[in-house]
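Down below is the structure, laid out as structure tokens.
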Amino acid sequence: MARRYDSRTTIFSPEGRLYQVEYAMEAISHAGVAVGILGTDGIVLAAEKKITSKLLEPGSSEKMYKVADHIACAVAGITADANILVNSARLSAQRHNFQYQEDIPVEQLLQSICDIKQGYTQYGGLRPFGVSFLFAGWDEHHGFQLYQSDPSGNYGGWKATAIGANNQSAQSILKQDYKADLTLSDAVGLAVKVLSKTMDSTTLTGEKLEVAVLYRENDEVVYRLLRDAEVDKKITELDLATPAEST
């Protein structure tokens, strides 16, 4: 039955489903897992790095993007699709800054990206973007914020969430271990623990993870990618260097 209704993004099935959007979400479920955790003094974004090589340029990022001085995001899905949307987000942020002489609110930026995503599910000849985002940011209206968006254009605010492969297992661990008073350091540890339980890799090392933190220092928002040595130190502290278990 599905085959009669999945050739166009604009055709509803008799059950009221848009199969192409569901297929896009399925594609994301096979991508590397990414986790976002909101702490009391910052936000952690962590992701599984699929491409690991000693020949890679240090500091190069596969899953993390800085969108503006006060906003960053992690992606799961087709990276080429993510590049288009991230570029659009950066333009929106700079246009708002130029026009109003202030940083764009985090949710307003996310809303503009989700409007683009939604448009690609409604017009013929287009396919949905095969990417989900975790947006982390700070603004003077709501402080630190963490949002998740999917190919349909839906988005929601979260205290902790995961996208990509094994995201259900990651969500279960987050439900059990997340506490409202987590510091940034504790949130980094929880993110690493979640990835250690959900990654397909046999061993856990810093070079297989991308961990970024967003926090405030001297009244400025700081975005920083943790070095492999810093991640390895956290793995050792938590005694997670043993082979990762897939739940």
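The values are calculated or read from the model by the stated rules, or taken from the named source; none is laboratory data. On a predicted model such as this, the values are computed, not experimentally measured, just so you know. A quick note on method: Cβ atoms are made from the backbone with ideal geometry, for glycine too, and the neighbour counts reach across all protein chains shown. With ligands, DNA and RNA removed, areas are computed over all heavy atoms of the protein, side chains included. Shrake-Rupley method; radii C 1.70, N 1.55, O 1.52, S 1.80 Å.
Structure summary
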quantity	calculated
Lone qualifier among GLY119, GLY125 - being within 16 Å of ASP81 (Cβ to Cβ) and among the small types (Gly, Ala, Ser)	GLY119
Residues of region 211-225 satisfying the condition of being open to solvent by less than 10 Å² (accessible area, probe 1.4 Å) and either of a type in the set (Phe, Trp, Tyr) or out of contact with any helix residue (DSSP H, G or I) (no Cβ under 8 Å at 6 or more places or on another chain) (or both)	ALA212, LEU214
Within region 122-156, tally of residues that are more than 15 Å from the chain's Cα centre (by Cα), surrounded by fewer than 20 Cβ atoms within 10 Å (Cβ to Cβ) and either without any contact (Cβ under 8 Å) to a residue 40 or more places away in the chain or farther than 25 Å from GLU217 by Cα (or both)	11
Filtered residues of region 71-94 (kept if over 22 Å from MET25 (Cα atoms), open to solvent by less than 20 Å² (accessible area, probe 1.4 Å) and free of Cβ contacts under 8 Å to residues at least 60 places away in the same chain)	ALA93
Tabulated pairs, region 13-37, first among the hydroxyl-bearing types (Ser, Thr, Tyr), second not in a strand (DSSP E or B), C-beta under 6 angstrom, 6+ apart or interchain	SER13/TYR5; TYR19/ALA2; TYR19/TYR5; TYR19/ASP6
Pair list, Cβ < 7 Å and 6+ apart or interchain, from region 95-120 residues that are closer than 20 Å to TRP158 by Cα to residues that are among the β-branched types (Val, Ile, Thr)	VAL106/ILE71; LEU109/ILE71
Test result for LYS234, out of contact with any Lys or Arg (no Cβ under 9 Å at 6 or more places or on another chain) and open to solvent by less than 60 Å² (accessible area, probe 1.4 Å)	yes
Contacts under 8 angstrom Cβ, first residue in region 215-226 being under 14 Å from LYS66 (Cα atoms), partner open to solvent by 100 Å² or more (accessible area, probe 1.4 Å) and of a type outside the set (Gly, Ala, Ser), 6 or more apart	VAL221/ASP69; TYR223/ASP69
Selection count, region 143-167, where residues are over 14 Å from LEU109 (Cα atoms) and not in a strand (DSSP E or B)	9
Number of the exception - LYS175 against (1) crowded, with 17+ Cβ neighbours inside 10 Å; (2) of a type outside the set (S, T, N, Q); (3) in contact with a strand residue (DSSP E or B) (Cβ under 9 Å, 6 or more places away or on another chain)	(1)
Test: residue in region 195-205 that is open to solvent by 70 Å² or more (accessible area, probe 1.4 Å), free of Cβ contacts under 8 Å to residues at least 60 places away in the same chain and closer than 21 Å to ALA72 by Cβ	no
Boolean, ALA68 is surrounded by 13 or more Cβ atoms within 10 Å (Cβ to Cβ), touching a residue at least 40 places away in the same chain (Cβ under 8 Å) and closer than 30 Å to SER196 by Cβ	no
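Yes/no matrix, rows are residues, columns are (1) of a type outside the set (Val, Ile, Thr); (2) over 26 Å from ASP181 (Cα atoms); (3) within 19 Å of the chain's Cα centre (by Cα):
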{"residue": "GLY32", "(1), (2), (3)": "yes, yes, yes"}
{"residue": "ALA46", "(1), (2), (3)": "yes, no, yes"}
{"residue": "ARG95", "(1), (2), (3)": "yes, yes, no"}
{"residue": "GLN101", "(1), (2), (3)": "yes, yes, no"}
{"residue": "ILE113", "(1), (2), (3)": "no, yes, yes"}
